[in-house]
């Protein structure tokens, strides 16, 4: 069972710059499970992270900067119920 679970929305120039793939790499490196996806508004990315509290926190911190080429303007984080994810994937 995950120590911490959150829903995240990242706003800015975060689509078309490899944000989801970089996020997946970071999540796997940190041992965080869940998912990340582009939203239909073409300006935000949503994600669900669950795992060790420190690792989830580190992934949220990474989202505040994102990969090279992105420009993050805001990150909203909300507590969520764990879903029992066993890996991290890109959806949508």
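Do the sum for the chain: with -39,500 (n - 2.57) for every DSSP H run of n ≥ 4, divided by all residues, what is the mean residue ellipticity at 222 nm, to the nearest 500 deg cm²/dmol?
Dividing the helical sum by the residues of the chain leaves -7500 deg cm²/dmol.
Can you give me the convex hull volume of the Cα atoms of segment 39-92, divided per residue and expressed in Å³?
Normalising the Cα hull of segment 39-92 by residue number yields 111 Å³.
What do you get for the angle between helix 53-63 and the principal long axis of the chain? Use alpha-carbon atoms, 0 to 90 degrees, nearest ten.
0
So for the chain, considering every pair of alpha-carbon atoms, how many percent are separated by more than 20 Å?
Considering the chain, 24 percent of its Cα-Cα pairs are separated by more than 20 Å.
Could the peptides 25-38, 78-91 be put in order, highest first, of the mean number of other beta-carbon atoms found within 10 Å of their residues?
Highest mean packing first, the order is 25-38, 78-91.
Measure nothing fancy, just the Cα-based angle from helix 19-30's long axis to the longest principal axis of the chain, in degrees from 0 to 90, nearest 10.
Computed tilt is about 30 degrees.
Laboratory data are not the source of any read-out in this text; all were calculated from the coordinates shown. Note that the structure is a prediction, hence the values are computed from the model and not measured. Please note: Cβ atoms are built from the backbone with ideal geometry, for glycine as well, and neighbour counts cover all protein chains shown.
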